[in-house]
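Structure record follows, encoded as structure tokens.
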Amino acid sequence: MNLDELIAIDTHTHLEVSCRNPFDNYGEEFDRAADKYFRSSRRPTMDETIAYYREKKIGFVNFTVDAETQMGRRRIPNEEIAEAALANPDIMIAFGSIDPHKGKMGAREARKLIEEYGVKGFKFHPTVQGFEPADRMAWPLYEVIAEYQLPAIFHSGHSGIGSGMRCGGGLRLQNSNPMMVEDVAIAFPDMQIVLAHPSWPWQDEAISLAMHKPNVWIDLSGWSPKYFPAQLVQYANTLLKDRILFGSDFPLITPERWMSDFEEAGFKDQVKPLILKQNAARLLKLGPYAEQAAAAAADRA
């Protein structure tokens, strides 16, 4: 990515339609409930997403969520996203998603995605994937991610998936309390952990964890900034200004809407460039940060 040509980097976008696999309608009731909750049924293809972000001059991180064990739905292939990123490196970065229940086989897949497809990080959704982040079954995956010093995004807080369904679709919100990630942050200090979304109803827990653990970041995806809790804006403007990231949750929220509301949400002018682009460039080792990361790796070798 040429950082000078981009106005921002969106660190949180989803691919929800595969152009390779046939549509899997198993569990489609979750889609309909999500449509109602988010008031949107928009699910663009990969090509549509790339064209959209290139037109807006916004770099983006893209992923899906592999939740085959709990949800029983066929996942979108990680390779579909990774190959799109390899073909469009000016605008796109691929993250992988692997169901933690896949254990050592999942770890093998993670290594292959990193080494052969250039995947730059991984996404976890403890509520949808049905696991507690500190469960040792996920350790083989974390070990690979930490070995390559890549970031991992963890969904945190409330989940729109399952909202309004009988028993919430059987999905457990408690798995996405940000404090559930603390043991992971301690055990894997070389893995940068991103808590996705304002973590309602556990916003203070997320801020505390990020304040205490220097490898914990917060992305601001999934909410319009005009609804952010006051304490989140306060700490983003001050003590956590270097570890707060722009994310939209596209296609559920567009970056245009997010960035428009961001201008009026009380963020300091000197902090806005950090959140919109500079922090993400450092996390993802882009531009000058890639050279620094390469030098550090050479020193370790």
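The values are calculated or read from the model by the stated rules, or taken from the named source; none is laboratory data. Computed from a predicted model, the values in this text were never measured in an experiment. Quick reminder, even Gly has a Cβ in these numbers, built from the backbone with ideal geometry, and neighbours come from all protein chains shown.
Residues in the range 40-51 that are surrounded by 12 or more Cβ atoms within 10 Å (Cβ to Cβ) and without any contact (Cβ under 8 Å) to a residue 12 or more places away in the chain: E48, A51. Taken over the range 140-161, residues that are surrounded by fewer than 22 Cβ atoms within 10 Å (Cβ to Cβ) and on the phi > 0 side of the Ramachandran plot amount to 1.
Taken over the range 15-34, the criterion of being within 16 Å of I93 (Cβ to Cβ) and surrounded by fewer than 22 Cβ atoms within 10 Å (Cβ to Cβ) is satisfied by no residue. Pairs are defined by a Cβ separation below 7 Å, a sequence spacing of at least 6 or placement on different chains, a first member in the range 217-231 that is in contact (Cβ under 8 Å) with a residue 24 or more places away in the chain and over 10 Å from H197 (Cβ atoms), and a second member that is of a type in the set (D, E, K, R) and part of a helix (DSSP H, G or I); the pairs so defined are W217/R243; S224/R257; S224/D261; P225/D261; K226/D261; Q231/D204. The single condition among (1) in contact (Cβ under 8 Å) with a residue 40 or more places away in the chain; (2) under 28 Å from M46 (Cβ atoms) that V181 does not satisfy is (2). Once the range 249-292 is narrowed to residues that are modelled with pLDDT under 95 and among the polar types (S, T, N, Q), the residue that is surrounded by the fewest Cβ atoms within 10 Å (Cβ to Cβ) is Q292. Sub-6 Å Cβ pairs linking a first residue in the range 252-278 that is more than 17 Å from A230 (Cβ to Cβ) to a second residue that is of a type in the set (F, W, Y) and crowded, with 17+ Cβ neighbours inside 10 Å, at least 6 apart or interchain, are L252/F38; L276/F246, ordered by first then second residue. The residue that is modelled with the highest pLDDT, counting only those in the range 1-14 that are assigned to a loop (DSSP other than H, G, I, E, B) and surrounded by 15 or more Cβ atoms within 10 Å (Cβ to Cβ), is L6.
In the range 23-39, the residues that are closer than 14 Å to P251 by Cα reach residues that are of a type in the set (A, V, I, L, M, F, W, C) with C-beta atoms within less than 6 angstrom, at least six apart or across chains, in these pairs: A34/I161; F38/L252.
Within the range 214-222, is there a residue that is small (G, A, S) and more than 15 Å from F262 (Cβ to Cβ)? Give the steps one after another, and end with the answer.
Of the range 214-222, the ones small (G, A, S) are 221-222.
Narrowing further to those that are more than 15 Å from F262 (Cβ to Cβ): none.
No, that holds for no residue.
Can you say whether G72 is over 16 Å from the mean Cα position of the chain (by Cα) and either modelled with pLDDT under 95 or under 15 Å from L15 (Cβ atoms) (or both), as far as the supplied structure shows?
Numbers: over 16 Å from the mean Cα position of the chain (by Cα): yes; either modelled with pLDDT under 95 or under 15 Å from L15 (Cβ atoms) (or both): yes.
Against the criterion (over 16 Å from the mean Cα position of the chain (by Cα) and either modelled with pLDDT under 95 or under 15 Å from L15 (Cβ atoms) (or both)), G72 qualifies.
Results for (1) buried (at least 21 other Cβ atoms within 10 Å of the Cβ); (2) at positive phi; (3) part of a loop (DSSP other than H, G, I, E, B), shown as yes or no for each residue.
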residue: V184; (1), (2), (3): yes, no, no
residue: P198; (1), (2), (3): yes, no, yes
residue: E205; (1), (2), (3): no, no, no
residue: S208; (1), (2), (3): no, no, no
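Take the conditions (1) touching a Ser or Thr at 6+ places or on another chain (Cβ under 9 Å); (2) modelled with pLDDT of 95 or more; G169 misses just one of them, which is (2).
As for the range 78-86, it holds no residue that is in contact with a Lys or Arg (Cβ under 9 Å, 6 or more places away or on another chain), surrounded by fewer than 20 Cβ atoms within 10 Å (Cβ to Cβ) and modelled with pLDDT under 95.
When we screen D249, D269 for residues that are among the acidic types (D, E) and within 29 Å of M46 (Cβ to Cβ), the only hit is D249.
R39 meets each of the listed conditions (1) more than 20 Å from the chain's Cα centre (by Cα); (2) at pLDDT 95 or above apart from (2).
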